[in-house]
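Structure first, commentary second.
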Amino acid sequence: MTSTALITDDLTAGAPVHAPAGTGEWWRDAVIYQVYPRSFADGNGDGIGDLAGVTAKLDHLKALGVDAVWLSPFYRSPQKDAGYDVADYRDIDPLFGTLADFDEMLAGAHERGLRIIVDLVPNHSSDQHVWFQEALAAAPGSAARDRYMFRDGRGPGGDEPPNNWQSIFGGPAWTRLAPRDGDGPLGPQWYLHLFDSSQPDLNWENPEVREEFEAVLRFWLDRGVDGFRVDVAHGMIKAPGLPDWEGQVAMVEGTVEEPTSNPGAPEDGSTGAGNHGPMFDQDGVHEIYRAWHQVLAEYDGDRCLVAEAWVEPLSRLARYVRPDEMHQAFNFSFLTTPWDAARMRSVVDVSFSTMDAVGAPTTWVLSNHDVVRHVSRLGLAEVASGPLNGIGANDPQPDPELGLRRARAATLLMLGLPGSAYLYQGEELGLPDHTALPDDVRQDPAFFRTGGVEAGRDGCRVPLPWVGGAPGNGFGPTGKTWLPQPAVYAELAADQQYGVEGSTYEMYRTALQLRRTEKIGGGALSWVTSLVDSPDVVAFQAAGVVVLANLGDSPVPLPAGSEVLVASGELVTWAGAVAVPEDTTVWLRA
Ligand code: NOJ
Ligand code: CA
């Protein structure tokens with residue numbers, strides 16, 4: 001992998017491969033910051049982040065320069081899946097505060113010009129939801145049971161689950177009720193849960209379920225939220241008859257493969273990150289989003305719906321953001337693309353062609369609360385982007401320097417792309433995962449349901465460090481943190497990076513500011529012609545900026561007189577010229 005042969009002093013770009021829709025809605029080019037409430041900032045000192053903590057840190061987000069905040073669930077919940085098990089969709093869990101705390105947080109965000117997106121979890125509720133409790137008390141065939149996916153078992157006495165589906169967190173996707181008086185010859189029924197047994201799947205064929213969720217949307221829209229991130233948006237409708245399926249389900253289908261010697265970038269942008277089978281991506285889901293689109297359209301302010309749908313290829317994902325459905329969908333094909341120039345160009349090309357075809361903005365994302373942070377992922381292997389489902393203490397450990405270097409380069413590459421970008425809390429500090437959490441502090445149901453085969457997602461959910469060296473690195477007033485932080489969080493804490501030239505925080509801030517002033521998000525994209533086949537370099541022009549990422553191991557000299565706007569690492573002198581070293585991205589004035 002040498003890049004020297006391809007060096008050019010001509011960074012001229014070709015014809016645009018993407019032109020913006022130009023309709024001006026805020027979400028088309030927004031940078032959206034994900035707050036994972038339990039790990040962002042603790043206001044009351046119990047070691048768990050809360051809404052008061054979010055309110056207290058709004059200035060951090062404003063100064064960083066993001067446009068909007070998406071909060072993972074804060075609803076009433078027994079917290080069996082960190083709040084993705086909702087017991088009451090219209091109330092705040094006491095762990096996180098009250099509705100008044102929510103209103104204060106929302107008002108504080110709006111005052112600062114930050115929009116707020118909340119998380120909607122419609123595929124399943126908690127087993128503590130009043131509907132599920134009613135269903136348990138009711139008889140088979142009743143209206144209460146019909147809100148969920150109850151079925152009789154197979155085999156003599158109904159002892160076998162209704163089909164062979166597996167839970168995404170491991171183990172069977174069916175749980176049987178306890179026997180009780182009056183059970184028929186097939187015994188107690190079973191209920192479906194694509195995730196934990198405490199997360200029963202709702203029956204979206206039932207009109208009452210649809211009405212209820214439209215009312216929930218209105219509840220939060222009336223309170224003033226700017227949009228919804230829709231959890232498991234590809235899972236709500238199951239294939240008729242719930243047929244057996246021999247395939248494997250996984251939220252993220254495990255590890256991203258290292259490309260072979262000839263990467264052969266897939267033409268449809270696929271990386272293997274899609275979910276398949278009769279429980280996913282059924283045509284019936286789209287009718288639900290068409291109805292929700294209408295609900296949002298009744299409100300002012302361009303409110304939006306964002307699909308969390310692990311489907312591939314990208315042409316399938318584009319179906320969720322057709323003009324009368326949702327507005328955005330997370331681009332997990334980009335997140336799972338290995339650190340390889342040809343594959344990066346390919347996924348960018350296909351992302352634009354598929355989303356442009358339906359008039360939707362492309363999104364970009366590198367980290368979230370379900371995957372190993374990109375600092376840790378990219379620190380693992382030469383080319384691959386590494387495992388997604390967590391790194392355990394006994395697994396090969398990432399190289400922290402390599403990971404941070406590549407992560408910063410990947411971030412500058414991403415933020416140079418037109419469209420909408422998602423950041424995950426703490427990535428602006430260059431945080432790695434905690435990759436050596438002791439098993440006895442783990443909480444992710446995926447760890448328990450796979451018997452520890454998957455480390456699970458706790459490593460990317462560690463409480464943020466705000467004040468280096470303070471108790472709990474300033475996560476809250478008492479120093480308590482619900483998960484231990486790795487030692488390196490002390491030096492990566494926010495206060496250690498504010499105003500420090502070259503810090504990851506300042507790199508993000510500079511890039512976000514330039515993205516805004518140069519109008520990159522709403523601009524066109526063209527590839528730099530001389531580098532379009534480079535095995536090591538990804539180079540494109542977005543608005544008035546040339547973005548050049550060197551993924552290879554030889555320095556790439558820049559044309560004489562290049563004006564460097566921001567760089568992910570220090571530049572070097574090579575062959576008498578200023579050069580971009582390996583795993584480094586620069587933005588240049590076009
Ligand atoms: C996707 C969420 O992001 C994840 O955290 C959760 O466990 C599952 N959906 C189930 O709700
Ligand atoms: Ca708290």
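Values in this text are rule-based calculations from the coordinates and carry no lab data. Note that this is a predicted model, so its numbers are computed, not measured. So basically every Cβ, Gly included, is an ideal-geometry build from the backbone, and we count neighbours across all protein chains shown.
Residue ranges 457-467, 547-557 sort as 457-467, 547-557 when ordered by packing (mean number of other C-beta atoms within 10 Å per residue, highest first). With neighbour counts taken as other beta-carbon atoms within 10 Å, the residues Ser367, Ser353 rank, fewest first, as Ser353, Ser367.
Which length gain, in nm to one decimal place, applies between Glu491 and Ala357 when the Cα-Cα distance is subtracted from 0.36 nm times their residue separation?
43.7 nm
When only Cα pairs below 8 angstrom with a gap of at least 6 residues are kept, the range 444-590 shows a relative contact order of 14 percent. Residue exposure proxy: His110, His369, ordered by other Cβ atoms within 10 angstrom of their Cβ from fewest to most, comes out as His110, His369.
Using the alpha-carbon positions of the range 366-518, Rg (one decimal) and Dmax (whole number) come out as 15.6, 50 Å.
So which GluC sites (Glu not before Pro) in the range 261-344 are both in a DSSP loop and have at most 13 other Cβ atoms within 10 Å of their Cβ?
Qualifying residues, ordered by number: Glu267, Glu298.
Between Asp91 and Gln513, the modelled label-to-label distance comes to 4.6 nm, taking each label 7 Å out from Cα in the direction of the beta carbon.
Expressed in nm to one decimal, what extension gain is obtained for the pair Asp152 and Gln294 from 0.36 nm per residue of sequence separation less their Cα-Cα distance?
47.5 nm
A Förster radius of 41 Å, combined with the Cβ-Cβ distance separating Ala215 from Val564, puts the computed FRET efficiency at roughly 0.20. Hydrodynamic radius of the range 426-470 by the Kirkwood approach over all distinct alpha-carbon pairs: 11.7 Å. Label positions at Leu58 and Asp9, each projected 7 Å from the Cα along the C-beta direction, are separated by 5.3 nm.
Descending by average beta-carbon neighbour count within 10 Å, the peptides 226-232, 508-514 line up as 226-232, 508-514, the highest first. Summarising the strand pairing of the chain, around 60 percent of its internal DSSP beta bridges are antiparallel.
Stretched out straight at 0.36 nm per residue, the stretch from Ala139 to Ala100 would grow longer than its current Cα-Cα span by 10.2 nm.
Normalised by the number of residues in the chain, what is the relative contact order in percent for Cα pairs under 8 Å and 6+ residues apart?
Value for the chain: 17 percent.
Projecting label points 7 angstrom from Cα along Cα→Cβ for Ala21 and His276 puts them 3.0 nm apart. Here is the tail figure for the range 126-201: Cα pairs spaced more than 17 Å apart come to 41 percent of all pairs. When only alpha carbons are used to place a centre, the range 324-401 and the range 162-225 end up 30 Å from one another.
Give me the orientation-averaged projected area of the Cα convex hull of the chain, in nm², one decimal.
On the way: hull surface 102.1 nm².
Its average projected convex-hull area is 25.5 nm².
Going by neighbour counts of Cβ atoms within 10 Å, the residues Tyr505, Tyr148 line up, fewest first, as Tyr505, Tyr148. Measuring nothing but alpha carbons in the range 86-225 and taking Rh as the Kirkwood radius, the Rg to Rh ratio lands at 1.08.
Peptides 524-530, 416-422, 493-499, 314-320, ordered by how many other C-beta atoms sit within 10 Å of their residues on average, highest first, read 416-422, 314-320, 524-530, 493-499.
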